[in-house]
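Take a look at the structure set out below.
The values are calculated or read from the model by the stated rules, or taken from the named source; none is laboratory data. These numbers were taken from a predicted model, which means no experiment stands behind them. Every residue, glycine among them, receives a Cβ derived from its backbone with ideal geometry; neighbour counts consider all protein chains shown. Just so you know, the surface numbers come from the protein's heavy atoms only, side chains and all, with ligands and any DNA or RNA stripped out. Shrake-Rupley method; radii C 1.70, N 1.55, O 1.52, S 1.80 Å.
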Amino acid sequence: MSALSSAGDRRGAPVVGRTRRGRPRGPVGLLAALLAAGLVVAGCGAPAPTVHAPATGTSPVPATSPDGRGAIRPLPAPTGCTSVATDAASLEAATTQALPGDTICVQGVIADKRLVMKNSGAAGSPIKIVGNGQSTVHGITVNADYVSIAGINAVNPAAPGISLTGSNITLENSTSISPRGDDGDALRFWGNNITIRHNTLRDTKNLNNAHADCMQTFSTDADSPASQHVVIDSNRCEDIDNTCLIMEGPHSLAGDGSGVGASSDITYINNYCQNHASEALQIDDVQNLTVTNNDLEGDNDHAFALQNMSTGAKVSGNKLNPAIHFEVGMDDSSAPGYQGPPSGGNP
């Protein structure tokens, strides 16, 4: 496989209109391609990005399977609330006025408002945003340090459904359900010391040339820095049109990397992945990745693609759908320090 085709799962910046080429597989990807071709032939041009309307009367998100992965519902009622958000106005006030050590409790369905946190906590005094597992907003954005979010559902949000940028961020027991628009991703993250655990991310679709992944990070500029010390543990990626995790470091084969820093020390453990791309994980210029004890149920050619100096990877103990042809695809530049099953082919 050429470097160009290997870099095919390119992403766009988090602005509407920029999308990346992808390698979707299966009937979903084929149907999307045929529909797109039909639109061009009919002279309709490129369709505008589609965004779901805010959720109204949202019913509780179904509980996940009893294997311990994904958000756990219902959760105990939050306690120690510094402020309580029950509608768009109170959510806006709580997030803009938050101070280190504050706890913002989100109650009920706030269908018309994205949760946006720009205020940082401090070491030992994070800002906590908590719900009871049924609390619902129209998307989540964190652009701050020392922030934790738990028990909140992002339902029918503008994609990415959840966006995390900063250091010392924790997201747990939360969901991103049916994100639409932009590139269709359920979750994107950038920064250091990020923990993503016990979340459910569901229903990403390749609409309007989107490349809809479960989780993604890349490093192209100061607004999308390289990521280090990231733990992705016990999450569920369900009904994902493309990869469950795509990571592109600052020297990625996409050719638009920042060239600054390194993406490294990533742990992907105990997760469930159901997707339709050529691979479950696509890793490009990311060092010291650990992938263990994951359950892969997609119809992939191979499970894990390591390329472009993705050295020091450790792969073990994963359960694969028997239809997956081989577990690891790897290029020669990623072989140093690798521990795991032999490479079965190209990434």
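At a glance:
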{"read-out": "Carbon/sulfur fraction of accessible area - the stretch 293-347, other protein chains in place, 1.4 Å, %", "value": "52 percent"}
{"read-out": "The stretch 64-106, relative contact order [Cα under 8 Å, separation at least 6], %", "value": "39 percent"}
{"read-out": "Long-range HN-HN contacts of G139 with modeled amide H, under 5 Å", "value": "L115, V155"}
{"read-out": "Rounded if a/c under 1.5, otherwise prolate or oblate - the stretch 80-224, Cα gyration tensor axes", "value": "oblate"}
{"read-out": "The stretch 293-345 - charge dipole about Cα centre, Lys and Arg +1 at Cβ, Asp and Glu -1, debye rounded to 20", "value": "220 debye"}
{"read-out": "The stretch 111-251 - charge dipole about Cα centre, Lys and Arg +1 at Cβ, Asp and Glu -1, debye rounded to 20", "value": "440 debye"}
{"read-out": "Lysines with Cα under 19 Å of K205, excluding same-chain neighbours fewer than 8 positions away", "value": "none"}
{"read-out": "Distance between the stretch 127-195 and the stretch 74-113 - C-alpha centres, whole angstrom", "value": "14 Å"}
{"read-out": "Over the stretch 259-347 - Rg/Rh using Cα atoms and the Kirkwood inverse-distance radius", "value": "0.95"}
{"read-out": "The stretch 177-274 shape via C-alpha gyration tensor axes, a/c threshold 1.5", "value": "oblate"}
{"read-out": "For D295, residues with placed amide H under 5 Å, excluding near neighbours", "value": "N271, Y272, C273, K319"}
{"read-out": "Exposure of L253 as accessible area (Å², to 10), given a probe of 1.4 Å and all protein chains", "value": "60 Å²"}
{"read-out": "Rg and Dmax [Cα atoms of the stretch 296-347; Å; Rg one decimal, Dmax integer]", "value": "10.6, 29"}
{"read-out": "Rounded, prolate or oblate (a/c below 1.5 giving rounded, otherwise prolate when a/b exceeds b/c) for the stretch 117-191 by Cα gyration tensor", "value": "oblate"}
{"read-out": "Label-to-label distance, nm, for residues given as L99 and D112 (7 Å Cα→Cβ offset)", "value": "3.1 nm"}
{"read-out": "Backbone N under 17 Å from the N293 label point (7 Å along Cα→Cβ), restricted to the stretch 301-338", "value": "314-320"}
{"read-out": "Phi to ³J(HN,Hα) by Karplus 6.51 cos²θ - 1.76 cosθ + 1.60 over the stretch 76-93, Hz, x for Gly, Pro", "value": "x, 4, x, 10, x, 6, 7, 8, 10, 10, 10, 8, 4, 5, 6, 5, 4, 5"}
